[in-house]
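Working notes, structure below.
The values are calculated or read from the model by the stated rules, or taken from the named source; none is laboratory data. All figures in this text were calculated on a predicted structure; none of them were measured in a lab. Cβ coordinates were reconstructed from backbone atoms using ideal geometry, including for glycine residues, and neighbour counts include every protein chain displayed. Each accessible area value is taken on the protein alone, full model and side chains, heavy atoms only, with ligands, DNA and RNA left out. Shrake-Rupley method; radii C 1.70, N 1.55, O 1.52, S 1.80 Å.
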Amino acid sequence: MSNRTFVIGVGMSKFDKPGTKEGDYPDWVLEAGTRALQDAGIPYERVEQAYAGYCYGDSTYGQRAIYGLGLTGIPVVNVNNNCSTGSSALYLARQAVKGGLADCALAVGFEKMERGSLGMKYTDRTPAMDKHMTRMFELREMEQSPFAPQMFGNAGRDHMDRYGSTPDHYAWIGWKNHKHSVNNPYAQFQDEYTLEDIKAAKMIHEPLTKLQCSPTSDGAAAALVASERFVDEHGLWEGAIEIAGQAMVTDMSSTFDENADCIRIVGYDMSREAARQAYEEAQAGPEDVQVIELHDCFSANELITYEALGLAEEGHGHELVDAEATTYGGRWVVNPSGGLISKGHPLGATGLAQCSELCWQLRGEADARQVDGARQALQHNIGLGGAAVVTVYRPAEG
């Protein structure tokens, strides 16, 4: 039997504003994990390993979260990779299955967050992103805005200065993703705005207004990864989605060297290399994909990621906005879920929520969000500090 790997079940909780969601993180993981198991049609006892992703919490929250699903003594590994934590858990689950160490592994991600912009918890040690910040402040003056929108907003400014994109391009991305989320019952926000509403919202760090920034969120998501043998033995071909290609890439010298601009500081080269590797494994390219979930933590990152993923040549991402090529009726549908901007961004859960959305799309189960003719899907999840995970999915062929 081959070492092909498949997602056989996905599930998630609704994402909500911190402090408003009923229950606690073990309840949300129980909900998401139970849905994934029911989706696959297998009992928890068939899971051989688990990877639990979260950024905020004590060191064994993963065990506490998963124990609600069952107490079977399996290995549970806690995962933290900043905003790419969920897809990092998925990556590890897939590695275990692909390497023949398990036939069925669970990846879960969750977060219980505080309201407001993210900040540093530990100020008595070297910050994880000191090299990123040092290089950025060599290029642009420090401002009073929160550090995350400052970093991604500065990437947008670099793109505007060098390639001619405008604030309107970034506002359109915010408008698009809020519009997409109207049809997503799991989304934190399900309100449609006008383009003028997006542009008139509170400025966070030019060119980014509040409605172009992902919010802090509470919630959980889960995915079950299985081998070809497991899928065959349990008759799961109909709903199985193959992970045809996947790669994780961390920062390279180009993130920090004398040629690094703000676009590279926020992970452009990581994303580009991860996409190259994932496409190569899948023997596919951006032209073969119909639906994409990418890491729009800020609208500026969605635009530069168009280029990193090969949807547009470097410096031409805003032309996709001009052509409305990344929404329904365009060349691709990007972030049909509403993306991080509107669906929400509970850091540990985001990558697995993206996986869930794309599995539903490829099965034709996305209801009013369904992308017609979705046969291949692409996922991009990035965390500064840093790690980018890119995954290519396609329906299983037994």
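A few notes on this one:
- For the range 227-285, the alpha carbon convex hull comes to 106 Å³ per residue, rounded to a whole number.
- Over the range 245-398: Kirkwood hydrodynamic radius from C-alpha pairwise inverse distances, Å: 15.5
- Debye, to nearest 20: dipole size of the range 140-198, +1 on Lys, Arg Cβ, -1 on Asp, Glu Cβ: 220
- The aspartates and glutamates within cross-link reach of K17, meaning a Cα-to-Cα straight distance under 17 Å and a gap of 8 or more places when in the same chain, are D27, E111, E114, D191, D218.
- Lys/Arg +1, Asp/Glu -1 at C-beta; the chain dipole; positive extreme among Y193, V389, Y51: Y51
- Between E206 and S254, the contour length at 0.36 nm per residue exceeds the alpha carbon distance by 14.8 nm.
- The value given for the range 14-154 is a Kirkwood hydrodynamic radius of 17.2 Å, derived from the mean inverse Cα-Cα separation.
- When nucleic acids and ligands are ignored and a 1.4 Å probe is applied, K17 ends up with an accessible area of around 100 Å².
- Karplus 3J(HN,Hα) series, Hz, for the range 54-61 with 6.51 cos²θ - 1.76 cosθ + 1.60 (x for Gly, Pro): 6, 10, 10, x, 6, 6, 10, 4
- Angle of helix 85-98 to the longest C-alpha principal axis of the chain, folded into 0 to 90 degrees and rounded to 10: 40°.
- Fraction in percent of alpha-carbon pairs per bin - 20 Å, the chain: 31, 60, 9
- Neighbour cut-off at most 10 other Cβ (10 Å), DSSP loop, chymotrypsin sites (Phe, Trp or Tyr not before Pro), the range 44-141: Y122
- Between amide H atoms placed 1.01 Å from N, distances below 5 Å from Q190 occur with no residue 5 or more places distant or on a separate chain.
- Gained length - E196 relative to R140, 0.36 nm times residue gap less alpha-carbon distance: 17.3 nm
- Computed from the Cα positions only, the extents of the range 272-338 along the three principal axes stand at 30, 22, 20 Å, in decreasing order.
- Within-12-Å neighbourhood charge of D296 [Cβ basis; K, R +1; D, E -1]: 0
- Degrees separating the helix 25-40 axis from the principal Cα axis of the chain, which is the longest one: 60
- Check: the range 263-368 dipole with +1 on Lys, Arg Cβ and -1 on Asp, Glu Cβ, in debye: 300
- Legend: calculated FRET efficiency, T72 to R229, from the Cβ-Cβ distance at R0 = 22 Å, rounded to 0.05, equals 0.60.
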